[in-house]
Amino acid sequence: MVAEQVRHWDDCKRRKFIAFVIVCGSILRGWQAGKRAFNMGGANYETESAFGSLPRLKSLRQPIMFRGPINAYTGYGLHACQVITDLSRMGHPVKVRPVEIGEKFSKVPLRIRKLFVGCAQPDEWELLLYPPHLPPTAGKRTVFFTMWEASRLPRRWVETLNKAECVVVPCKWNATSFRASGVKRPVRVVPLGIKTEIFPFVPMNMAGPCVFGTAGRLEGGGKRKGLQEMISLFQKAFPAEQDVQLKIKCFPDCGIPAAKDARIKITARFLTERQMASWYASLTSFVSISRSEGWGLMPQQAMAMGRPCIMVKFGGHAEFFNEGAGYCVDFKLEPAGFNYSGSGFWAEPDKDHVIELMRRVYRNRREACALGLKATQIASAFTWQRSNRALLRILEEVGMVS
C-alpha cells in the first residue's frame, strides 16, 4: 500500500512538473515576442504572445530628434554629445541628424554614431543645438538651443530664431539680449555644466613656480579670446621673475607661434578631458581675457578643480563667477569687433588690471588657494545632469515629449 502511494505521489509530482514547464515555456515565448516588437522602435508597439493578441500600446517615451554639430573637441560638439547622452540615460530614445561631423582631432564616440540618421525624419519636433544663424528644418516644430557672444543679434538671425517654437540659451545675459534684438518666441535659460567626476577639486601646489594658464580655440573664438595677447601681458607683469610660468593650451590650427621666453609653455594639440584635468591641476590660476562668452566651459572646469580665475564678470561668466571666488577684471563696454562687428557691445578687459591681478596672485598664493576653494563650491554645482534635466523639463512643457 505504501509503495503504491509513493508511486502515485511521484506520478502527481511528475505531471505537475511537466505542466509547470509547459506554462513557463508559453510565458517565455510571449515575453520574447513582446520584446521583439518593443525593440522595433517607434511610438506605437504591437505584440502577440501565447495568451493571444495584446492591445496596441503607446510608448511612454517618445523619440527625440536631435540636430547639431557632432565632435569631441569644440564647445558646441561637447555640449551636443552630453545632451544626447543624458537624454538617453533619462529614458528617451534619441535620433541624431548631424549638422556636421568633426573628427579632425578626435573620433566621435561609437555610442553617439550608432544613433545617426541620414535624412529628415517624420518626427513633428526637433531639438536643434547650433549657433543662431542655422534655419530650423522646414515643417518641424523646433526647440533651438543656442548662444551668442555680443549684445545684439543680426536681423536675419532674429528672423531665423522666430521660426522656432522656443529658444533656449545658457545665460540670462543672452536671454535679455535676444529679446532686445527682437526675438518674440519664448526664451528660456538653461545653464550649462561640467563633468564633476572628471574635474574634481585638486589641492593647489603651494611650492614651486606660480603657474598661470589660458586656453581656447581660435577657430571658434577668433581674436575675441585674446590668447596671443596673453603672452605680452605675462611678460609685462613679470619681466624678469623666473619663478613664474604661463601655460597656453590651444590647437594645432590656432597658429600661435612658439614663444622665445622659456617660461611660456604652449601645448598646441588636442587633449582628452582627463588630460585637460591634469593640465588645470598644474595651474595656480586660470586667466581669460575673452571679451565675452555665452557660457565659459574652460573657466568653469578650472574653478571646479580649485583654480581661481582672472577674468571679466560679464556675459555667461556672470552665471558662475564673482568676486568671492576669483579676481574680477575691470572692463569697459565697447563695440564688438573682429567677426562680431555690428553686433552691439561686449566687455573689453582692462589690460593693466589683468597685469595687476596676476601680480597679486604671484605675491599671495594663499589668497588664491582660499578663493579656489570657494570657486570649487560654485562651479561644481553646475553639472551636466542638472543642465539636461532642466532642458528635459522645457521639452515637456512645450509638448515635445510627455
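The values are calculated or read from the model by the stated rules, or taken from the named source; none is laboratory data. Since the structure is predicted, the reported quantities are computational estimates derived from the model, not experimental observations. Here Cβ is always computed from backbone atoms with ideal geometry, including for glycine, and neighbour counts include all displayed protein chains.
Some points to look at:
- Filter result for Gln300 (surrounded by fewer than 24 Cβ atoms within 10 Å (Cβ to Cβ), under 21 Å from the mean Cα position of the chain (by Cα) and assigned to a helix (DSSP H, G or I)): no
- Any hit, the stretch 214-232, residues being in contact with a helix residue (DSSP H, G or I) (Cβ under 7 Å, 6 or more places away or on another chain), among the hydrophobic types (A, V, I, L, M, F, W, C), surrounded by fewer than 22 Cβ atoms within 10 Å (Cβ to Cβ) and more than 22 Å from Gln301 (Cβ to Cβ): no
- Test: residue in the stretch 148-156 that is exposed (fewer than 15 other Cβ atoms within 10 Å of the Cβ), in contact (Cβ under 8 Å) with a residue 12 or more places away in the chain and touching a Lys or Arg at 6+ places or on another chain (Cβ under 6 Å): no
- Residue satisfying all of: in the stretch 233-249; under 17 Å from Arg360 (Cα atoms) and in contact with a Phe, Trp or Tyr (Cβ under 9 Å, 6 or more places away or on another chain); surrounded by the fewest Cβ atoms within 10 Å (Cβ to Cβ) among these: Asp243
- Per the conditions (1) farther than 20 Å from Leu233 by Cβ; (2) touching a helix residue (DSSP H, G or I) at 6+ places or on another chain (Cβ under 8 Å); (3) at pLDDT below 95, the sole criterion not satisfied by Phe338 is (1).
- Residue satisfying all of: in the stretch 166-184; surrounded by 17 or more Cβ atoms within 10 Å (Cβ to Cβ) and part of a loop (DSSP other than H, G, I, E, B); nearest to the chain's Cα centre (by Cα) among these: Pro170
- Taking the stretch 250-264 as the range and being of a type in the set (D, E, K, R) and touching a Leu at 6+ places or on another chain (Cβ under 7 Å) as the test, only Arg263 passes.
- Here is the figure for the stretch 338-353: residues that are under 28 Å from the mean Cα position of the chain (by Cα) and without any contact (Cβ under 8 Å) to a residue 60 or more places away in the chain total 3.
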